[in-house]
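The block underneath contains the structure these notes are about, expressed in structure tokens.
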């Protein structure tokens, strides 16, 4: 039960963080950036990629960010929408989808529901075991009229 709960909470947190990375910065400015490099992260079953994106702020300052992890390799030279904080232009989000959030959030919910169901079943069994007035079932090996 605890493993399902821990996995569910982990997936929910990861999904929500990945989703928030793809949302515009609150009260931020928007511009277009260019993918200048791609970092590859080797996975057990498949690789993931993070684009290094360079953009120019409204004040003419050149900034660079590392985009969110994605499953398909972005092409160098590709233009991508960027949202950045006017007060701190280095704080920016690449607005190209939400990575694996589409999978992690529902999977996390499923794991939490499974953990809750298992928790309810454990409580029911403990109550039955501690109850002195539990009903006998066929196969218990005991007689009511002893």
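FYI, it's all coordinate maths here, none of it is from the lab. Here the structure is a predicted model, which is why all the values come from computation and not from measurement. Here the Cβ is made from the backbone with ideal geometry for all residues, glycine too, and neighbour counts use every protein chain on show.
What's log10 of I(q)/I(0) for segment 25-96 at q = 0.28 Å⁻¹, Debye sum over Cα points only, no solvent? With no solvent term, the Cα-only Debye profile gives -1.23. Model label sites at residue 88 and residue 61, defined 7 Å from Cα along the beta-carbon direction, differ in position by 1.2 nm. What FRET efficiency, computed as 1/(1 + (r/R0)^6) with R0 = 30 Å and r the Cβ-Cβ distance, is obtained for residue 38 and residue 5, rounded to the nearest 0.05? Rounded to the nearest 0.05, the efficiency is 0.25.
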